[in-house]
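Since every read-out is calculated from the coordinates, none of them should be taken as a lab result. Treat the numbers as computed from the prediction; the structure is a model and nothing was measured. For neighbour counting, all protein chains shown are included, and Cβ atoms are generated from backbone atoms with ideal geometry for every residue, glycine included.
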Amino acid sequence: KAGVTQTPRYLIKTRGQQVTLSCSPISGHRSVSWYQQTPGQGLQFLFEYFSETQRNKGNFPGRFSGRQFSNSRSEMNVSTLELGDSALYLCASRDDTGELFFGEGSRLTVL
Amino acid sequence: AQSVTQPDIHITVSEGASLELRCNYSYGATPYLFWYVQSPGQGLQLLLKYFSGDTLVQGIKGFEAEFKRSQSSFNLRKPSVHWSDAAEYFCAVGVPRSSGSARQLTFGSGTQLTVLP
């Protein structure tokens, strides 16, 4: 079974631009969660989607948004990028026991 | 709200030595508890988890963890460390759902493990 796939793996943007990251969960998993990882703040929960509905949301500004499609693939979008948005963005899909399976992440650098 | 504390930012051990990584949590009831490992440039891999039952949990790669309710701790142990264990380790707590799975996880700040030859 293929694992969680995140694209792109690396990207560089400039301040003010927007970015869209994609996540394909493990086949059969309906829940997708997004986390931001930075050296200063560690791992912080962004949001979780289940069956195309946002189920939980972390404490991030409205510039961070996401969605989930009928095939469970998810995207997250960050608008008006700031330098502080530079981070590793991790996606995880969840099985029925609640275990999270993480992708390798998308490393975003904002210049 | 739940929180997790990993008091050791960095630990160095010699290969073959024993290891214990500390994790303390704050939550009003018994949470679900997890340990994850992250190698450089990689995502997180689950080592083990505790939902209920036996407080000593066995995981992959020879790791185990013990849930101690009285100390609000879930420390990770390994009797003999291998050079390939060098990585960053994260403890996480999840609030149980009625369905039996965990809500979104709250992670500790991580412990970086260095293994000396």
- Message: Taking θ = phi - 60°, what integer Hz values does the Karplus form 6.51 cos²θ - 1.76 cosθ + 1.60 yield along the stretch B:19-36, in sequence order, with x for Gly and Pro?
- Response: 9, 9, 10, 8, 8, 10, 10, 10, 6, x, 10, 7, x, 8, 10, 9, 10, 10
- Query: With springs only between Cα atoms under 10 Å, which of B:L33, B:L76, B:L105 fluctuates most in a Gaussian network model of chain B?
  - Reply: B:L105
- Please give every one of the lysines within straight-line cross-link reach of B:K49, meaning a C-alpha to C-alpha distance under 26 Å, and leave out same-chain neighbours fewer than 8 residues apart. A:K1, A:K57, B:K61, B:K68, B:K78
- Note on the structure: With a Förster distance of 25 angstrom and the Cβ-Cβ distance between A:A2 and A:R30, calculated FRET efficiency to the nearest 0.05 equals 0.95
- Residue span B:S14 to B:L56: 0.36 nm per residue of separation minus Cα-Cα distance leaves a gain in nm of 12.6 nm
- Filtering GluC sites (Glu not before Pro) in the stretch B:10-117 by DSSP loop and by at most 14 other Cβ atoms within 10 Å leaves B:E15
- 10 Å-binned pair-distance histogram of the protein assembly as shown (Cα, whole percent): 8, 33, 35, 20, 4, 0
- Query: How many nm separate the modelled label positions at B:Q42 and A:S79, each set 7 Å beyond the Cα in the direction of the Cβ?
  - Reply: 3.8
- Compute the Kirkwood hydrodynamic radius of chain B, taking the inverse of the mean of 1/r over all pairs of distinct Cα atoms, and give it in Å to one decimal. 14.3
- Query: If you find the alpha carbon centre of the stretch A:61-99 and of the stretch B:1-38, how far apart are they in angstrom?
  - Reply: 26
- Query: Gaussian network model of chain A, Cα springs within a sub-10 Å range: biggest mean-square fluctuation belongs to which of A:R67, A:R15, A:R30?
  - Reply: A:R15
- The answer for A:S31, listing residues at least 5 apart or on another chain whose modeled amide H is closer than 5 Å to its amide H, is A:R94
- One finds, for A:K57 and B:T5 with R0 = 25 angstrom and r their Cβ-Cβ distance, a FRET efficiency to the nearest 0.05 of 0.55
